[in-house]
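Take a look at the structure below.
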Amino acid sequence: MIGYLALAGYAATIPAANWLIGNVGTVCVPNGPCLIPVAPGLMAPSGVLMIGAALVLRDAVHSVLGVRWAFGAVVAGVAASLLVASPSLAVASAAAFAASELVDLAIYHRLRALSVVLAVLASGIVGAAADSAAFLLLAFGSLDYFGGQMVGKLWATLLAAVALLMARVRHQEAGQ
């Protein structure tokens, strides 16, 4: 059940992120993204709010249902994105998710046997970099917001890693 909830959440984050980029922000750049502050003096496209969650949900889908389901969620999310965003934004999003999914496959899959928390953190950092670079270059033709994208995504990854660690500790305490 948890795997399918993560799958639905993961697929939903893709169109939500694409909608946010064009509609929500403290500043909206003409012919560019809507931006939000992610740290003092650092802005990022508002879709970063969803993509940080997407990276964590992807790891849950990968763990519970497998990589094929994770790729299927990307396809479903991109298809839904076509309803709320321009085709060029949806294609940039698809390429970015594919790049980060491949990076995640290489990192998360190998590290989760050692430590789920380490796997989430490591794949989150590298996946965020791959996703950010691919998306920003394809959608906007520049890496101007790369730092903000990384900070925003890493906040979500860090929060998820802490939540996983707390859940694991509670589970171990309940079992003793």
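Results, tabulated for the structure shown:
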| item | result |
| --- | --- |
| Of all residues in segment 3-38 being outside any helix (DSSP H, G or I), in contact with a helix residue (DSSP H, G or I) (Cβ under 8 Å, 6 or more places away or on another chain) and among the β-branched types (Val, Ile, Thr), the one that is farthest from Val64 (Cα to Cα) | Ile36 |
| Complete set of residues in segment 11-37 that are closer than 17 Å to Trp155 by Cα and surrounded by fewer than 23 Cβ atoms within 10 Å (Cβ to Cβ) | Leu35, Ile36, Pro37 |
| Among the candidates Ala16, Ala39, residue that is modelled with pLDDT of 80 or more and under 17 Å from the mean Cα position of the chain (by Cα) | Ala16 |
| Scope segment 15-31; condition in contact with a strand residue (DSSP E or B) (Cβ under 8 Å, 6 or more places away or on another chain) and within 22 Å of Ala73 (Cβ to Cβ); matching residues | Leu20, Ile21, Gly22 |
| Hits in segment 101-139 (condition: under 22 Å from Gly22 (Cα atoms) and surrounded by 24 or more Cβ atoms within 10 Å (Cβ to Cβ)) | Ala128, Asp131, Ser132, Phe135, Ala139 |
| Subset of segment 54-67 [more than 13 Å from Gly3 (Cα to Cα) and surrounded by fewer than 23 Cβ atoms within 10 Å (Cβ to Cβ)] | none |
| Selection from segment 140-176 of residues that are at pLDDT 85 or above and either within 16 Å of the chain's Cα centre (by Cα) or surrounded by 20 or more Cβ atoms within 10 Å (Cβ to Cβ) (or both) | Tyr145, Phe146, Gly147, Gly148, Gln149, Met150, Val151, Gly152 |
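Condition check ((1) assigned to a helix (DSSP H, G or I); (2) not hydroxyl-bearing (Ser, Thr, Tyr)) across all residues:
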position: Ser93; (1), (2): yes, no
position: Val117; (1), (2): yes, yes
position: Asp131; (1), (2): yes, yes
position: Ser142; (1), (2): no, no
position: Lys153; (1), (2): yes, yes
position: Leu159; (1), (2): yes, yes
position: Val162; (1), (2): yes, yes
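The values are calculated or read from the model by the stated rules, or taken from the named source; none is laboratory data. In this text, all values refer to a predicted model and were calculated from it rather than measured experimentally. Note that each Cβ is placed from the backbone with ideal geometry, even for glycine, and that neighbours are counted across all protein chains shown.
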